[in-house]
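Report on the following structure.
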Amino acid sequence: MKRLGVNIDHIATLRNARGEIHPDPLYAAKKVISYGADSVTIHLREDRRHINDIDAKKICGLKNVLVNLEISTNKEIVNKALKIKPTFICLVPENRKEVTTEGGLNLKRSEKKLSSIIKRFKQKNIRTSLFIDANISDIYLSKKLDVNCIEIHTGKLANLVKAKKKYQKEFLRIKKCARLAEKLGIEVHAGHGLDYKVTNLLCKIKEIREFNIGHFIIGESVFDGLPKVIKKFKKIIKNN
């Protein structure tokens, strides 16, 4: 069964624009689950540009809500995550100047550090994933790091599809990585830049078990409403 995770970071972005308390990310987390999402994703960034520490603690403390906490490998953030104890953790790269996550982790450069962090999370029985680019070497490294899951950065594919350019090569690259990961016993997720069309395309890769989508869902909800948008994604995922 393929799953849908809804990233609610930009609910917090909207709240922070006024420096007030509305809209409330905690309320949003409850609502997306009631509308059919399988899990909630939040990114506790080092610069706290959207989700903050209080948000993360409250959302991860919700009963019957699976929470995927995205964090960098920053020592302070890692320690906070261990105290918060989310259901899932996804380690992602962070660049203070980036508008959004620009690519996957550099596993080779950070192998020793990642290994230590992953062991700490696994000791707490927290499912841990790595946000990586679609390349075979990173799949093998992920296996070496003994991670539960990988989330493939789908931004390049999404940009090609949206620009109506040839995307087949990138699609096949993702497909090969997904197949290898599953063969090695690693669960495969996908995220970044996903809209209806790109998600429908990626659903053809049977090895992808989870789709984490945020910006498009929150943006499209301005026009169609959150329940309708989530329902449409669930239908796309279910029908493939």
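Values as computed for the structure displayed
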quantity	calculated
Rounded D (µm²/s) - the range 5-131, Kirkwood Rh over Cα pairs, Stokes-Einstein at 25 °C, 0.890 mPa s	165
The chain - charge dipole about Cα centre, Lys and Arg +1 at Cβ, Asp and Glu -1, debye rounded to 20	640
Cα radius of gyration and Dmax for the range 66-174 (Å)	14.7, 45
Equivalent-ellipsoid semi-axes of the range 170-240, from the Cα gyration tensor, Å, largest first	25, 11, 10
Tail weight of P(r) past 21 Å, computed on alpha-carbon pairs of the range 1-76, percent	23
Alpha carbon convex hull of the range 118-237, volume per residue in cubic angstrom	107
Projected-area mean, the range 108-166, by convex hull of Cα positions, square nanometres	4.7
Relative contact order (%) - criterion: Cα under 8 Å, at least six apart; region: the chain	20
Bins of 10 Å from zero: percent of alpha-carbon pairs in the chain	7, 34, 39, 18, 2
Highest-fluctuation residue, Lys63, Lys143, Lys122 considered, GNM on the chain with Cα pairs under 10 Å	Lys63
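Here, each number is a calculation from the coordinates, and none is a lab measurement. Remember, it's a predicted structure, so these values are computed and weren't measured experimentally. With ideal geometry, Cβ positions are generated from the backbone for all residues, glycine too; neighbour counts draw on all protein chains shown.
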